[in-house]
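Some notes on the structure that comes next.
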Amino acid sequence: MGGRLKIALLLAPALVVIGILFAGGLVSAVVQSVGYMPAIGQTRVSLDAYREVLSGGDFLDSFLLTVYIAGVSTAVSTVLAVLAAMTLRRSSGRLSAVVFQLPITIPHLLAAVGIALVVSQTGLGARLAAALGLIGQPREFPALLYDRYSAGIILTYVWKEVPFVALVVLAALRGVAGELEDVARTLGANTWQRFWYVVFPVISPGIVAASLLVFAFTFGAFEVPYLLGRTYPTILPVMAYNEYKDVELSARPVAMAINVLISLFTAIFAALYLRLARDLGRG
Amino acid sequence: MGKKRSNAGLLVVTVLVALPFVPLFLWAFAGEWRFPDLLPTEWSLRGVASVMEPGGRVLGATLNSLLIGMAVAVASVAAGTPAGMALGGYEWRFKGAVIFFVLLPILVPPLASTMGVHLTFIRLGLADTAFGVFLVHLVPTVPYTAIIMTSIFAERTGEAEEAARTLGANPWQTFVHVTLPEVVPGVAVAGLFAFLISWGQYVLTILIGGGNVVTLPMLLFSAASGNDPVITSSLAIVFALPAVLALVVALHFLRSSERDGGNGFVGLGKVS
């Protein structure tokens, strides 16, 4: 009967938007990455752009930096989030909700600006260090911005993502994990045993799902590294953007090839995440 | 004992969360603040004046951001609510594949697709226009509203609708008088998040707007790359206002459904 039609009509507006602007844009990016741009008289299709991208050292440097920033940000955020959630689970739910929601709601750009004013060599941190007599000159404070370890970028991501992961963990802790833990305590399990054998198995799928999201996001995000990162190497999205902004139109296929590679990579994480989320839903 | 440790932990977390806002507020009202002074030695309203300047760039950019954000919120809710109804309220074949498709723009950065559509936008005269910027902002926001509404509709059983139909209401009356009032809080939260995502967009705006559509993030970005922390911080505070307001409103709405831990998905750190 009309059931199927109704579903189709309900879905239509969202699918049209995503289909044209997102999927269409991706297809167009793939087409341009193989050099097909009739608008500028290029109709020869080739994989030159991919060859150029993958054979150059720049891409590898950018790729490694991107994986490093996303990996360290995700790992640090996850560990701190679990610690924070374990510590805070008995505190007021409303208060911790407010404290955790704030960084989640604040735009990344704003977080980057605030963190920069804290960790720069004349920032709040350096001033505190000077007041404590640890440093005399600004340059004696460690360089945490535009530095080779991308400290400022990672700190910004950690500030933003810890609350997100922590809320996921808190939700799991306040559910079934708490009850199971009480049972384990009654049966004589110590703190470590309760965490490792009872609580952790319950919260770990949520932790994995949340960290996958954080990794996929930090892998493809643009603003924070663009603002707080070095000029070389840059993360992949910034590299794609710089190529795209190049006045030479011949750089376009290269920019698009990098984009396609970023998309492929994050799509793998998307698939992993959804698979996990579905298993979670079933369990 | 656990309670005490918990409260101490909350204090530490609160301080860490508040930390980046401290220099922002101090700088915004600072006249002179040299290293290594812990506090500004002179205060001034130069930052406030730069933000409030009548007919100035900041007011214009704020207006642009507001208008684009509100249009994006309305359009995202309009597209995302029915999609959420289909995904959350009914069972049908290929639902998993459609959910994957809807979630993809959240997980795969919209940078690639935006660069991809840029040529087409130029050909259609949409590049360098506020309408074009509005369109690309929909890429991250429509999936968000659809997913938020999916979780709202999934929690409903449909019993109230059935009762209304039994009592003789037609489908439209049922929707307006039974379904709609119950999903309004969810719609408000979804709209707020769509607004915030649009409000925080930098790279999509600069790609499609090409510098002709000046929004607040453009000004904040160029200020942050420059050397005047007073102006940067004043802009940053204006930029933070809607997020803080939205947080207050969202928490008010979410209070009723606090039991499910605030549904972490709503708050994915993608609001950037």
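Here's the picture: charge each Lys and Arg Cβ at +1 and each Asp and Glu Cβ at -1 in segment A:115-206, and of A:141, A:192, A:176 the one pushed furthest to the positive end of that dipole is A:141. Ordering B:25, A:265 by the number of other Cβ atoms within 10 Å of each residue's own Cβ, fewest first, gives B:25, A:265.
The lysines within cross-link reach of residue A:6, meaning a Cα-to-Cα straight distance under 30 Å and a gap of 8 or more places when in the same chain, are B:95. Across peptide A:94-102, the mean count of Cβ atoms from other chains lying within 10 Å of each residue's own Cβ comes to 6. Which of the three applies to chain B, rounded, prolate or oblate, going by the alpha-carbon gyration tensor with a ≥ b ≥ c and a/c under 1.5 meaning rounded? The shape class here is oblate.
Once the Cα-Cα distance is subtracted from the 0.36 nm per residue extended length, the residue B:166 to residue B:37 segment shows a gain of 39.1 nm. Projecting the Cα atoms of B:102, B:222, B:79 onto the charge dipole of chain B (Cβ charges, centred on the Cα centre) puts B:102 farthest toward the positive pole. Scan segment A:94-182 for chymotrypsin sites (Phe, Trp or Tyr not before Pro) in coil per DSSP, keeping those whose Cβ has at most 13 other Cβ atoms within 10 Å, and list them by number. Listed in order of number, the matching sites are A:149. For the listed peptides B:67-74, B:202-209, a ranking on the average number of other beta carbons within 10 Å per residue, highest first, reads B:202-209, B:67-74. Only helices enter this figure: runs of n ≥ 4 DSSP H residues, each worth -39500 (n - 2.57), summed and divided by the residues of chain B, yield -23000 deg cm²/dmol at 222 nm to the nearest 500. Between amide H atoms placed 1.01 Å from N, distances below 5 Å from residue B:31 occur with B:42, B:43, B:44, all of them 5 or more places distant or on a separate chain. Magnitude of the charge dipole for the protein assembly as shown, about its Cα centre and with charges confined to Cβ atoms of Lys, Arg (+1) and Asp, Glu (-1), is about 920 debye. What shape does the protein assembly as shown have by the C-alpha gyration tensor, where a ≥ b ≥ c are the square roots of the eigenvalues, rounded means a/c under 1.5, and otherwise prolate means a/b greater than b/c and oblate the rest? Note, shape of the protein assembly as shown comes out rounded. Between the C-alpha center of segment A:48-98 and that of segment B:186-234 there is a gap of 23 Å. Dipole magnitude for segment A:48-282: about 820 debye, using +1 per Lys or Arg Cβ and -1 per Asp or Glu Cβ, origin at the Cα centre.
Is the shape of segment A:1-107 best called rounded, prolate or oblate, per the rule: a/c under 1.5 gives rounded, else a/b larger than b/c gives prolate, else oblate, with a ≥ b ≥ c the square roots of the Cα gyration tensor eigenvalues? Note, shape of segment A:1-107 comes out oblate. Helix by helix through chain A, keep the DSSP H runs that span 20 Å or more along the axis on Cα and average at least 0.0 on Kyte-Doolittle, and give those back in order. Length and hydropathy pass: A:3-17, A:57-88, A:151-172, A:200-220, A:252-282.
Of all lysines in the structure, the ones whose alpha carbon falls short of 27 Å from that of residue A:245, not counting any fewer than 8 places away in one chain, are B:270. The trypsin sites (Lys or Arg not before Pro) of segment A:141-205 that meet both conditions, a loop assignment by DSSP and at most 11 other Cβ atoms within 10 Å of the site Cβ, are A:148. By the combined test of axial Cα extent (at least 27 Å) and Kyte-Doolittle hydropathy (mean at least -1.0), the qualifying DSSP H helices of chain B come to B:57-89, B:130-154, B:180-200, B:229-254. The mean number of Cβ atoms from other chains found within 10 Å of a Cβ in peptide B:7-19 is 6, as a whole number. Summing charges over neighbours of residue A:186, with a neighbour being any other residue whose Cβ is under 14 Å away from its Cβ, gives -1 when K and R count +1 and D and E count -1.
The fraction of Cα-Cα pairs per 10 angstrom bin, counted from 0 for segment A:48-282, comes to 7, 25, 28, 22, 13, 4, 1, 0 percent, rounded to whole percents. Dividing the summed -39500 (n - 2.57) terms of all DSSP H runs of n ≥ 4 by the residue count of chain A sets its mean residue ellipticity at 222 nm at -23000 deg cm²/dmol.
The order of A:55, B:222, going from fewest to most other C-beta atoms within 10 Å of their C-beta, is A:55, B:222.
Working from Cα pairs under 8 Å separated by at least six residues, relative contact order for segment B:1-143 is 19 percent.
In terms of surrounding Cβ atoms within a 10 Å radius of their Cβ, A:10, A:132 rank from fewest to most as A:132, A:10.
Each reported figure results from applying straightforward, stated rules to the coordinates on display, with no laboratory input. Please read these numbers as outputs of a predicted model, since none were measured by experiment. Glycine also receives a Cβ, built like all others from the backbone with ideal geometry; neighbour counts cover every protein chain displayed.
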